[in-house]
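The values are calculated or read from the model by the stated rules, or taken from the named source; none is laboratory data. This is a predicted model, so every value here is computed, not measured. Every residue, glycine as well, gets a Cβ built from its backbone with ideal geometry; the counts of neighbours run over all protein chains shown.
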Number of protein chains: 2
Amino acid sequence: MKSKIKFTAYIATSIDGRIAKSKRSFSADWTSSEDWKFFQNSLARHDVVVVGHNTYKIAKNNLQKRNTIVFISKIIKPKTIGSATFLNPKLLNILDYFNSMKYKNIAILGGPRVYNFFLEHKMLNELYVTIEPYIFSNGVPMFSGKFKKTKLFLQSVKKMNKNGTLLLKYKYAN
Amino acid sequence: MKSKIKFTAYIATSIDGRIAKSKRSFSADWTSSEDWKFFQNSLARHDVVVVGHNTYKIAKNNLQKRNTIVFISKIIKPKTIGSATFLNPKLLNILDYFNSMKYKNIAILGGPRVYNFFLEHKMLNELYVTIEPYIFSNGVPMFSGKFKKTKLFLQSVKKMNKNGTLLLKYKYAN
């Protein structure tokens with residue numbers, strides 16, 4: 001990771017590693033208010049957030065105030081509408097793009113293919129995982145890509161409430 | 001849960017909720033020695049362990065000393081070979097069977113459909129989840145069934161080594 005940009009991913013998950021029921025049902029109604037507060041406070045420290053198109057469609061209203069980059073495959077040239085820029089990360093050098101925009105702190109908010117994109121391209125410095133005390137038995141996985149073992153380091157563990165919501169902070173081992 | 005039998009599931013997982021690369025590659029070479037010790041010590045407290053057929057084929061050598069029940073769909077009548085009993089849980093009342101055998105402490109060792117079977121049938125009192133500090137990006141999920149939100153309670157959190165292997169203990173909220 002030569003870039004001086006800091007990439008931080010935020011993931012809220014069930015015990016069994018599911019972040020939503022399905023692609024179209026990405027609502028966060030099962031996450032705790034403690035996690036929501038942590039998440040909103042954290043976002044304020046970032047210059048920009050990155051989401052996939054499915055996540056954007058669901059989180060749109062919450063993202064209106066924020067600089068947002070939306071990964072989308074059905075676009076050739078980047079296009080900005082309000083605070084959101086739509087771009088295809090396969091058609092440009094995304095690191096050059098971030099640098100040109102002078103972004104220093106980037107928040108990655110999913111879904112699974114977006115998390116995996118940053119992991120694969122070694123653009124992931126920190127990972128916050130909030131584990132809510134549920135089993136889903138099915139649903140959207142945290143990461144979606146080819147099998148590859150990536151080692152991280154656990155930096156901290158915090159119990160966020162009485163129900164047992166856990167906040168784990170991992171660092172990428174580069 | 002009217003039964004006095006205590007059901008405890010043990011799961012070792014990646015950060016992203018994967019318990020193996022694939023059904024045929026269930027080796028635990030990525031889990032820590034600390035977790036292995038905890039796991040073996042725990043098993044000594046149980047009367048019997050339950051595994052699915054895929055898990056059994058891979059863990060066979062380690063299970064030779066233990067009373068083992070192997071869930072298998074291609075069998076009509078239960079069949080015992082050495083310390084292992086092969087049975088189809090859909091063709092008998094499994095709780096009656098456990099009672100008839102006077103089992104009091106049952107360890108559930110997976111895979112995903114076996115974990116889900118016990119969850120679905122409300123035969124899961126405790127769940128130990130060991131999170132090893134890896135992302136897999138793909139692989140076998142912890143639970144495999146229909147989507148259903150099951151609430152658990154977090155009882156304890158333990159950091160098992162310097163790498164950040166975490167042991168979480170959950171209780172079923174009945």
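When A:L166 is tested against (1) closer than 17 Å to B:V129 by Cα; (2) touching a Phe, Trp or Tyr at 6+ places or on another chain (Cβ under 9 Å), only condition (2) is not met. Selection of the stretch A:92-136 for residues being more than 20 Å from A:I58 (Cα to Cα) and of a type in the set (S, T, Y) yields A:Y97, A:S100, A:Y103, A:Y128, A:Y134. Those residues that are surrounded by fewer than 22 Cβ atoms within 10 Å (Cβ to Cβ) and in contact with an Asp or Glu (Cβ under 7 Å, 6 or more places away or on another chain), I need them from the stretch A:131-153; list them, please. The answer is A:G145, and nothing else. With respect to (1) farther than 18 Å from B:I15 by Cβ; (2) surrounded by fewer than 21 Cβ atoms within 10 Å (Cβ to Cβ), the lone exception for A:S156 is condition (1). Residues in the stretch B:1-59 that are more than 21 Å from A:T150 (Cα to Cα) and within 13 Å of another protein chain (Cβ to nearest Cβ): B:A9 only.
Does A:K102 qualify as being at pLDDT below 95, of a type in the set (D, E, K, R) and more than 19 Å from B:I19 (Cα to Cα)? It is false that A:K102 is at pLDDT below 95, of a type in the set (D, E, K, R) and more than 19 Å from B:I19 (Cα to Cα).
Out of the stretch B:20-34, which residues are farther than 22 Å from B:L166 by Cβ, assigned to a strand (DSSP E or B) and touching a residue at least 40 places away in the same chain (Cβ under 8 Å)? So that I can check it myself, show each step before the final result.
At the first step, the residues of the stretch B:20-34 found to be farther than 22 Å from B:L166 by Cβ are B:22-25.
Then drop every residue that is not assigned to a strand (DSSP E or B), which leaves B:22, B:25.
The one that is farther than 22 Å from B:L166 by Cβ, assigned to a strand (DSSP E or B) and touching a residue at least 40 places away in the same chain (Cβ under 8 Å): B:S22.
Can A:L109 be described as in contact (Cβ under 8 Å) with a residue 12 or more places away in the chain, surrounded by 21 or more Cβ atoms within 10 Å (Cβ to Cβ) and under 20 Å from B:V157 (Cβ atoms)?
Values: in contact (Cβ under 8 Å) with a residue 12 or more places away in the chain: yes; surrounded by 21 or more Cβ atoms within 10 Å (Cβ to Cβ): yes; under 20 Å from B:V157 (Cβ atoms): no.
So A:L109 fails the test.
From the list B:K122, B:K169, which residue is within 14 Å of another protein chain (Cβ to nearest Cβ), charged (D, E, K, R), in contact (Cβ under 8 Å) with a residue 24 or more places away in the chain and on the phi > 0 side of the Ramachandran plot?
Working: B:K169 fails: on the phi > 0 side of the Ramachandran plot.
After applying the criteria, what remains is B:K122.
Condition (residue is in contact with a helix residue (DSSP H, G or I) (Cβ under 6 Å, 6 or more places away or on another chain) and farther than 23 Å from A:M142 by Cβ) applied to the stretch B:73-92: is it met by at least one residue? So that I can check it myself, show each step before the final result.
Here is the first cut: in the stretch B:73-92, the ones in contact with a helix residue (DSSP H, G or I) (Cβ under 6 Å, 6 or more places away or on another chain) are none.
No, that holds for no residue.
The residues of the stretch B:145-162 that are at the interface with chain A (Cβ under 7 Å from one of its Cβ atoms) and either of a type outside the set (K, R) or part of a loop (DSSP other than H, G, I, E, B) (or both), listed by number, are B:G145, B:K146, B:F147, B:K148, B:K149, B:T150, B:L152, B:F153, B:L154, B:V157.
Restricted to the stretch B:51-89, and to residues that are of a type in the set (A, V, I, L, M) and touching a Gly at 6+ places or on another chain (Cβ under 9 Å), which residue is nearest to B:K158 (Cα to Cα)? Steps first, answer last, please.
We begin by selecting, within the stretch B:51-89, every residue of a type in the set (A, V, I, L, M); these are B:51, B:58-59, B:63, B:69-70, B:72, B:75-76, B:81, B:84, B:87.
Subsequent filtering for residues that are touching a Gly at 6+ places or on another chain (Cβ under 9 Å) retains B:51, B:70, B:72.
Values: B:V51: 26, B:V70: 30, B:I72: 34 Å.
Only one residue fits best here, namely B:V51.
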